[in-house]
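Throughout, read-outs are computed from the coordinates displayed, never taken from laboratory work. If you're wondering where the values come from, they're calculated on a predicted model, not measured in any experiment. Reconstructed Cβ throughout: ideal geometry from the backbone, glycine too, with neighbour counts over all protein chains shown.
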Amino acid sequence: MDNIVLIGFMGTGKTAVGRNLARLLDYKFVDTDEQVEIATGLPVAQVCRKYGQIRFRSEEALVVKKFCRQKGQIIATGGDLILHADNLQLLKENGYLVLLQVEPEVVYKRVSRKNNRPLLGKKVDLPTIEQLMEERKNTYLQAADLVVDANHLSLEEIAQRIIKGYEEAKKKNAEGK
Ligand code: S3P
């Protein structure tokens, strides 16, 4: 349990929460979307547009392989990343997975402000978001070690909940050994 991995739908605050957590714990911050952009030299939306979703997914998988065995990291994942079983397994082996949840309306507001998310493409309407969130909900929940309802919490409060859960899980882990 050497890393904290933030999972959840786009627009749930994984990057903002992750940066804050990294600062508080003095961990390295890794954002998988950003790593794909570094590797390809293109914004995520363009990687998909230019090379297609399959290329994007394989770039994501390479990022997971590169970082999953390192320690002391907060890893913010792209919304689809842990929906792929290999990625999930690798991240689980070495990480404490935290699911951030917010209401579809909040996601809609955030995503429609700046729609650079290839999956939603041009169709950024609430029903599409609701449907996608529903489709993914169970996979996210099953993967998570901790679920944080982030609707009415500040970044600071979210970080404190995660740190508490993480410390407790590490302690339990150590006792079990
Ligand atoms: C995606 C979410 C995005 C990005 C890509 C695909 C998705 O990341 O990886 O657009 O399918 O949910 P964020 O969750 O960081 O927005």
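Looking only at the chain, where both bridge partners belong to it, what percent of the DSSP beta bridges are antiparallel (to the nearest 5)? Within the chain, antiparallel bridges account for around 0 percent of the total. One chain, two ends: Gln46 and Lys109. Fully extended at 0.36 nm per residue, the span grows by 20.5 nm beyond their Cα-Cα distance. Of all lysines in the structure, the ones whose alpha carbon falls short of 17 Å from that of Lys28, not counting any fewer than 8 places away in one chain, are Lys14, Lys65, Lys66, Lys71. Students often forget the sequence filter, so: which aspartates and glutamates lie under 15 Å Cα-Cα from Lys109 once same-chain residues fewer than 8 apart are removed? Lys109 reaches Asp125, Glu130. So if R0 is 41 Å, what FRET efficiency would Lys171 and Thr15 give, r being the distance between their Cβ atoms, rounded to the nearest 0.05? Here the calculated transfer efficiency is 0.90.
What number, in percent, do you get for the relative contact order of the chain if the mean sequence gap of Cα pairs under 8 Å and at least 6 apart is divided by its residue count? It comes to 32 percent, rounded to a whole number. Spin-label model, Gln142/Asp2: points 7 Å from Cα along the beta carbon direction are separated by 2.8 nm.
For Lys66 and Gln89, the difference between the fully extended length at 0.36 nm per residue and the C-alpha to C-alpha distance is 6.9 nm. Descending by average beta-carbon neighbour count within 10 Å, the peptides 140-147, 3-10 line up as 3-10, 140-147, the highest first.
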